[in-house]
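The values are calculated or read from the model by the stated rules, or taken from the named source; none is laboratory data. Quick caveat: nothing in here was measured; it's all calculated off a predicted structure. Using ideal geometry, Cβ is built from the backbone for each residue, glycine included, and neighbour counts are taken over all protein chains shown.
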């Protein structure tokens, strides 16, 4: 099993910061969001990860490389905790640039050689797992039982689902199968409240479906949705209703909320942060 992280986007919601800093490098306190996703994949047993970037994202490559000068300084100081903090992950991380912003469909077509015919987990770096079992691992578990492409999903009991891909599903022989996915449906037209989050496990079947979708889409951008629906129509897509909480760091407000949630999740910050939040509520209340 291999892993892919789609990180070529412009990050325009976070301008002007993203003029020079990749959105994927924005930290949750002290850890970039993309590092948490790499850790999630590693926890699922994924050893080879491809990060799809663009020309403004060299900081990602530097981050996952060794920092020789700092290593030397910390080693001389005997600062073992700092050495551990800058140690690259124990996985093989490679990079490819998406030279033309043709959408997520074009980005996924760059993965075919890397996948080598193996299934692979795709992550959007906007969605970070806070707690619960590895989200990548949960998709892998369902794939091993079914042999199918698997989408990560959770039911939203309230709120607007129109910014998500929303799934129409049915049970077949004990497996929840995707009949279709509607991308960002208009309010009131959604087929369910089961939304797709930023993890997908694809089999090699996805590439033929993407190439057909590319031809039909014409010269503009195209997403993976048409390819997913093509496979779903063939009975080749399942959904995993996953356990755990996901943080949405893809919008400024979501990032702010994620920072607070992540801070409360960290034992060394929790009590002081709670005390501060109580003071803010009392003052602003």
>> Being in contact (Cβ under 8 Å) with a residue 60 or more places away in the chain and under 14 Å from the mean Cα position of the chain (by Cα) is the requirement here; does residue 120 meet it?
In response: yes
>> Checking residue 75 against (1) closer than 25 Å to residue 122 by Cα; (2) touching a helix residue (DSSP H, G or I) at 6+ places or on another chain (Cβ under 7 Å): exactly one of these is not met. Which one?
In response: (1)
> Any idea which residue in region 35-67 is surrounded by the most Cβ atoms within 10 Å (Cβ to Cβ), counting only those that are over 16 Å from residue 94 (Cα atoms), at pLDDT 90 or above and out of contact with any helix residue (DSSP H, G or I) (no Cβ under 6 Å at 6 or more places or on another chain)?
Replying inline: 36
> What about residue 180, is it closer than 30 Å to residue 53 by Cα and in contact with a strand residue (DSSP E or B) (Cβ under 7 Å, 6 or more places away or on another chain)?
Replying inline: yes
> So which residues in region 164-189 are over 23 Å from residue 243 (Cβ atoms) and modelled with pLDDT under 90, if there are any at all?
Replying inline: 182, 183, 184, 185, 186, 187, 188, 189
> Just wondering, is there one or more residues in region 180-188 that are out of contact with any helix residue (DSSP H, G or I) (no Cβ under 6 Å at 6 or more places or on another chain), touching a residue at least 12 places away in the same chain (Cβ under 8 Å) and assigned to a strand (DSSP E or B)?
Replying inline: yes
> For region 142-179, which residues satisfy the criterion of being surrounded by fewer than 19 Cβ atoms within 10 Å (Cβ to Cβ) and assigned to a loop (DSSP other than H, G, I, E, B)?
Replying inline: 147, 156, 157, 158, 159, 160, 162, 163, 173, 174
> Considering 159, 147, which residue is without any contact (Cβ under 8 Å) to a residue 40 or more places away in the chain and out of contact with any strand residue (DSSP E or B) (no Cβ under 7 Å at 6 or more places or on another chain)?
Replying inline: 159
> Where in region 1-89 are there helices (runs of 4 or more DSSP H), lying fully within it, with 2 or more residues that are over 21 Å from residue 109 (Cβ atoms), without any contact (Cβ under 8 Å) to a residue 12 or more places away in the chain and over 15 Å from the mean Cα position of the chain (by Cα)?
Replying inline: 58-63, 68-77, 80-85
>> So for region 100-110 (the condition being free of Cβ contacts under 8 Å to residues at least 40 places away in the same chain, within 30 Å of residue 207 (Cα to Cα) and either in contact with a strand residue (DSSP E or B) (Cβ under 7 Å, 6 or more places away or on another chain) or not in a helix (DSSP H, G or I) (or both)), does at least one residue qualify?
In response: yes
